[in-house]
Every structure is written in C-alpha cells, then in structure tokens.
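Accompanying notes for the structure given below.
Quick note: the coordinates plus some simple rules give every number you see, no bench work behind them. All values derive from a computational prediction rather than experimental measurement. Don't worry about glycine lacking a Cβ; one is built from the backbone with ideal geometry, like all the others, and counts go over all protein chains shown.
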C-alpha cells in the first residue's frame, strides 16, 4: 500500500493509519450473501475488507435495490456514520466469501483524539467518496452506457492490477446483475455490451468473472463515447 493510493482511491488510508487501525481490529468471516450490517443499524465500528468483496447498497420501499459501490481488498468503509453518529445509510453484504476487519468505534475515536492528522485523513476519504458518487450521478445523466460500463471495468481492473502486478491479464469478480444495478441499466444491455467487447478481443467473460485482455481497447471505447 502506498501514499499515492491514499490520495486517489476511496477507502485507502496511509500505511501509518492503516497499521494503527489494524492493531485494534478483530477478524470476521462472511459467507457469500451474508450481511455485515443493515440499513439503520448503530454505527459502532469501522471496517476493512481483508479478503473478498462487499457490496454497499440501498433498497427502496418497493424492494428495488441500488448498488452504491463495491468495496475490495484493503479498503476501509463505514466512516461517515461512525463520525456523524447517525444510523447506517446502507446495507453491506459479502458477494463472495470474505474476511472483514472490524475496529470498534471507541478505538477509532481514541486514535483521532490523539492524532488530528488521522482525522484529516478520514475527512479526505469521505470527500473522495462524495466526489465518486457525484461523478457517477453525472455519468448516469451525461454519458452513454458503453462509456460508463467501460470505465467501471477499467477502474476495477486498475485496483486488481495494483495488487497482482502488470505481468498477466487480470481476472475480476464480476456480476452482470450487480453491475446493472450500479449503472441503472438492464442486465440484458450489460450482457449485450460484454459479448460485443468479447468478440472484439478486449475481454473474456466467464461465470461471475471477467478477464481484461486489452485495457487500451476499453479506454478507446470511453474516449469515443466522450466525443
């Protein structure tokens, strides 16, 4: 983990703060589909994905689910409710078997009380999340679906590449249903685009996974749709 990642990625903190939080953490294992916390629950902890992927989502009174984000390895989350003291504003669920680090709220508050610079890191992290949400809202209104989907795939590819290294194709955990919920599109539209890109050699699609073969082709797709 590096300082430059903490400046750009939502959920990534400096190595010093990350290590300090881990000293107070307990580990919880989640099965696929198991809930970590529910909308409206008490914000009594901060969380970090140690292994796996968690989905943060909200559900309307009519039962329609909207995916806010996917939280991947070494990303922290849950800070907004923890510092505001308000109930959780989303559900958090493991989409694959996962391990989560849980840091009690009291330990987090004690750390920031003694280190104001740690509090500034949390504020910056919340700002990055807010900017990401605004960007996604703008995309929904202003950019066509191919550009939005290509960008989501590229962002996930970049995160995995940072962990795995640049010497081989990166395989992503990928659900067409979850991506359709995140982008506000039909699953059929997502499937149609993926098949088109697979025929062009940019990706390879398998069950609940996607391998990026030609990231530059995806970048060209986003540039074409921007213009």
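Modelled spin-label separation between residue 51 and residue 39, with each label point placed 7 Å from Cα along the Cα-to-Cβ direction: 3.1 nm.
Could you give me D for the chain, from Stokes-Einstein at 37 °C and 0.692 mPa s, where the hydrodynamic radius is the Kirkwood radius over C-alpha pairs? Units µm² s⁻¹, please. Kindly include the intermediate steps, with their values, before the conclusion.
On the way: Rh = 18.6 Å.
D, rounded to a whole number, is 177 µm²/s.
Sort 172, 218, 29 so the one with the fewest other Cβ atoms within 10 Å of its own Cβ comes first. Walk me through the numbers on the way to the answer.
On the way: 172 18, 218 23, 29 13.
Ordered from fewest to most neighbouring Cβ atoms within 10 Å, 172, 218, 29 come out as 29, 172, 218.
Using a Förster radius of 22 Å, what is the FRET efficiency between residue 177 and residue 27 based on their Cβ-Cβ separation? Nearest 0.05, please. Rounded to the nearest 0.05, the efficiency is 0.15. Pick out which of 16, 177, 51 has the largest mean-square fluctuation in a Gaussian network model of the chain, springs linking Cα atoms closer than 10 Å. Result for the chain, Cα springs under 10 Å: 16 fluctuates most.
When the Gaussian network model of the chain links Cα atoms closer than 10 Å, the mean-square fluctuations of 96, 49, 12 top out at 96. The relative contact order of the stretch 182-227, computed from alpha carbon pairs under 8 Å that lie at least 6 residues apart in sequence, is 21 percent. Rounded to the nearest 500, the helix-only mean residue ellipticity at 222 nm of the chain stands at -15000 deg cm²/dmol, with each DSSP H run of n ≥ 4 adding -39,500 (n - 2.57).
Subtracting the Cα-Cα distance from 0.36 nm times the residue separation, let me have the gained length for residue 119 to residue 138 in nm, one decimal. All intermediate terms of the calculation are to be shown ahead of the outcome.
Working: separation 19, 0.36 × 19 = 6.84 nm, distance 2.89 nm.
Taking 0.36 nm per residue and subtracting the Cα distance, the gain is 4.0 nm.
With a Förster radius of 25 Å applied to the beta-carbon distance between residue 130 and residue 192, the computed FRET efficiency rounds to 0.20. Residues 113, 214, 91 in ascending order of nearby Cβ atoms (within 10 Å, fewest first): 113, 214, 91. Among 72, 171, a tally of other beta-carbon atoms within 10 Å of each Cβ gives an order, fewest to most, of 171, 72.
Short to long, the 10 Å bins of the Cα pair-distance histogram for the stretch 67-197 hold 9, 34, 35, 17, 4, 0 percent of all pairs.
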